[in-house]
Each structure stands twice: as structure tokens, then as C-alpha cells.
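Note sheet for the following structure.
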Amino acid sequence: MSAPGVLFLCVANSARSQLAEGLARQRFGAALQIQSAGSIPTKVNPYAIETMLEVGVDLATHTSKLVSEIDPKGIELVITLCAEEVCPAFYAPVRRIHWPIPDPATSDPKVTREELVERFRTARGRIGARLHLIEPALALPPRTLIAPATAEDRPEIGALMITAGLPLDGLEKTDLVVARIDGHLVGAAGLEHWGGDWLLRSVAVATEHRSSGIAELLVRDRLCIAQLGGATSVHLLTTAARGYFERFGFTAIERATLPKALHQSTQLAISACSTAIAMVRPILT
Ligand SMILES: CC(C)(COP(=O)(O)OP(=O)(O)OC[C@H]1O[C@@H](n2cnc3c(N)ncnc32)[C@H](O)[C@@H]1OP(=O)(O)O)[C@@H](O)C(=O)NCCC(=O)NCCS
């Protein structure tokens, strides 16, 4: 059986998707077939080559490729890395994850060489910190999409929370990631941060899609975002899923020991959560 294929996409296949391809090849070796492509391929950015050499990866032989040149056979996961721009479409019934990473490349003449190198190192770090999500993503049901929530997702997220018995209070201030299958919203997970203190909340998967690893990926994604945001620990409240969160290294704590800043969250104030158990998980850097 051949190794599962993973395809990274951005616009120019010059910076972000090249960094991702290089880092993923270094991490997974022959266990995965890693490729990258773009909608308007140019050439590999020299700063990508320079900053990948710092971590022992040589991109000098890489070329920028057009997405339509990629053979869809064997591709099981597509990871899009565009931030403000629109990523190329890849029409195959695969799993997809969207990691919006700001483009480190810029034509702004005011940006110095040192700043450019730093921008590429930052992008490299943001991609590298997410690579551990690839293995659980490959286990998702085919055609699952995982992406940061947009304003259009909010009504469906609200409906999912109601079905799952979770509160809507303060949801508008929550940074959410969603899962969709064939366009239908099937899962969500949220993160609030109050100063340096982070709260995982609103983790829910539609009943018919449970036990398929969707919640695991959503929780791991939120923990990763908290880590990238500088969290040293993440807290949560739960009434029915203590055993579930123990799987991720959360442990129950006295509610009175929750950081003071988290009391700004409506989750802590509402009566629906008054009997919930508090849990914490350290973030190891
Ligand atoms: C908690 C929840 C998101 C888990 O979703 P899921 O799709 O079952 O999760 P995963 O696919 O990642 O994991 C499935 C595994 O977790 C276990 N699990 C699921 N919910 C659990 C719970 N409440 N307590 C303990 N274990 C649980 C399943 O039995 C399964 O175990 P297995 O791997 O041994 O078969 C889902 O049950 C849900 O939406 N619950 C209602 C909302 C809720 O309580 N959210 C938590 C508070 S924010």
C-alpha cells in the first residue's frame, strides 16, 4: 500500500507551501507523500530556502508547481495556507484543513532583509507547530473540512450548540474552528483568551458524526492555537465530558483556583455552568 498523499496549497507555491512541504518531508519522511502547489506558481522564494537551511532542510531543488499539474491519485489530505488571498481549488473528495498563515513574502521596499528573514521564520514556526495535526487529520472521514469559523458559520454553530446542550452566551467573543462534511456543519470548538489565560469551550460534534475523530482534531487545533498565542495552560468547564478531556491531558481542579481573569468569561457566570467541573491542561513549549 502506498503512503497517503498530503498536498499543501498557497497562491504562488513560493513561500508558505514550500516551507510546509520541506518541514513535512523532514518530519514524516517516506511515511507520507508530501507535495505542494499553487494557482500562480512563480519560483521558490530565496528567503524560504535560507530559513529552511537553518533547520536543516534544503529547498534548492524544489520548483513551484501549478495545482492542475498535481495527480489527484493518492492525495488524502489537502492543507490550504492562504490568509487574505483565495487558495487554489483542488477538486477531489479529500479531507481538507485550512491553516491561514500570513504570507511572509512582500514586495514592500520598506521591509528590510532582517525583517523578511524574521517573517519567514515566523511562518516556518506557525506551520511547524501544526504538523502534528496531520496524522489525526488523515483519520477523519473523507470530505471533512476543518477551518476557522467565519461570520456565515455562526447561525449553524448556534444550532449545533443548542442540540449539544451547550450555552450560546458569549459565543460571539469566541474564536471558533468548525468541521464540515459535504458542506454541512458537523462540529465546532472555541477558544477565549482573557489576558494570558485561555478557555477552551463549545466543543461539540453532531450526534451522527461522533466517534469519528472530528472532536479530537478540533480540540487539538484549539490547543495548538493557544500555544501559538503564548498560552502556558488552557482551562475548561464541563458537565458531561470530563473523561473525554482527560484523554488530552486535562485534569480536574477546584473551581475556586481558576485564574481570576477567566471570570470575565460569561461561561463562568451563567447558571448553566454553575455545577460544571473545571479542568486545566498545561501547554508544553
Ligand atoms: C464531547 C464530544 C465533543 C466528543 O465528540 P466525539 O466525536 O465522540 O469525540 P472523538 O471522536 O474525538 O472521540 C471519541 C471517543 O471519545 C469518547 N467520548 C466521547 N464523549 C465522551 C464523554 N462525554 N466522556 C468520556 N468519553 C467520551 C467516545 O466514547 C470515544 O471513545 P473511543 O475512542 O474509546 O471509542 C461529543 O460527545 C459532544 O459533542 N458532546 C456534547 C457537548 C459536550 O459535552 N462538549 C464538551 C464540553 S465543551
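Based on the alpha-carbon gyration tensor of region 1-114 and its eigenvalue square roots a ≥ b ≥ c, which shape applies: rounded if a/c is under 1.5, prolate if not and a/b is larger than b/c, or oblate?
Numbers: a/c = 2.07, a/b = 1.38, b/c = 1.50.
Since a/c reaches 1.5 but b/c is at least a/b, the shape of region 1-114 is classed as oblate.
Counting only helical runs of four or more DSSP H residues, what would the 222 nm mean residue ellipticity of the chain come to if each run contributes -39,500 (n - 2.57) and the total is spread over all its residues? Write out the running numbers ahead of the final one.
Working: 8 runs with 77 residues, N = 285.
When only DSSP H runs of four or more count, the value is -8000 deg cm²/dmol.
For helix 214-228, report the angle its Cα long axis makes with the longest principal axis of the Cα atoms of the chain; keep it between 0 and 90° and round to the nearest 10°.
Once rounded, one gets 80 degrees.
Give the list, by residue number, of cysteines in the chain with no other Cys Cβ closer than 4.7 Å, or say none.
That list is CYS10, CYS224, CYS273.
Contour minus end-to-end for GLU84 and THR150, with contour as 0.36 nm per residue of separation and end-to-end as the Cα-Cα distance?
22.5 nm
Tell me, what is the 1.4 Å probe accessible area of SER271, in Å² to the nearest 10?
In the full protein context, SER271 sits at about 100 Å².
May I ask you to rank GLU54, GLU69 by accessible area, largest first, using a 1.4 Å probe over the protein chains only? Let's see the in-between values first.
Working: GLU54 85, GLU69 125 Å².
Greatest to least solvent exposure: GLU69, GLU54.
Highest mean first, what order results for 220-227, 132-139 on Cβ atoms within 10 Å? Write out the running numbers ahead of the final one.
Details: 220-227: 20.4, 132-139: 16.5.
Order by mean packing, descending: 220-227, 132-139.
Hey, can you find the accessible area per residue of the chain for me, probe 1.4 Å, expressed in square angstrom? Each step should come with its number before you reach the end.
Working: 13480 Å² over 285 residues.
In whole numbers, the chain has 47 Å² accessible per residue.
Of all beta bridges DSSP finds with both residues in the chain, what is the antiparallel percent, to the nearest 5?
Details: 28 of 49 bridges.
Once the DSSP bridges in the chain are tallied, antiparallel ones form about 55 percent.
Mind checking which lysines have their Cα closer than 26 Å to the Cα of LYS173? Skip sequence neighbours fewer than 8 apart in that chain.
LYS260
Mean separation of Cα pairs under 8 Å and 6+ residues apart, divided by the residue count of the chain: what relative contact order is that in percent? Can you show the working numbers first?
Numbers: 532 pairs, mean separation 37.7, N = 285.
Relative contact order for the chain comes out at 13 percent.
Angle, helix 113-128 long axis vs. longest principal axis of the chain, Cα atoms, 0 to 90°, nearest 10?
60 degrees
Rounded to a whole number, what % of the accessible area of the chain do carbon and sulfur atoms account for, probe 1.4 Å?
Carbon and sulfur together cover 55 percent of it.
Taking H placed 1.01 Å from N in the peptide plane, check which residues at least 5 places from ARG201 or on another chain put their amide H under 5 Å from its amide H.
GLY190, LEU191, GLU192
Enter the angle in degrees (range 0 to 90, nearest 10) between the Cα long axis of helix 154-164 and the first principal axis of the Cα atoms of the chain, meaning the one along which they spread out most.
Its long axis makes an angle of about 50 degrees.
Given a 1.4 Å probe and heavy atoms of the protein chains only, how would you sort THR144, THR257, THR163, THR80, largest accessible area at the top?
Order by accessible area, largest first: THR163, THR257, THR80, THR144.
Between ASP182 and SER233, what is the spin-label point distance in nm, taking each point 7 Å from the Cα along the Cα→C-beta axis?
4.4 nm
Can you return the lysines within cross-link range of LYS65? Criterion is Cα-Cα under 21 Å, with same-chain partners fewer than 8 residues away left out.
Excluding near neighbours in sequence, the set is LYS43, LYS73.
The values are calculated or read from the model by the stated rules, or taken from the named source; none is laboratory data. What you see is a predicted model; the values in this text were computed from it and never measured. Glycine also receives a Cβ, built like all others from the backbone with ideal geometry; neighbour counts cover every protein chain displayed. Note: areas computed on protein heavy atoms with side chains; ligands, DNA, RNA excluded. Shrake-Rupley method; radii C 1.70, N 1.55, O 1.52, S 1.80 Å.
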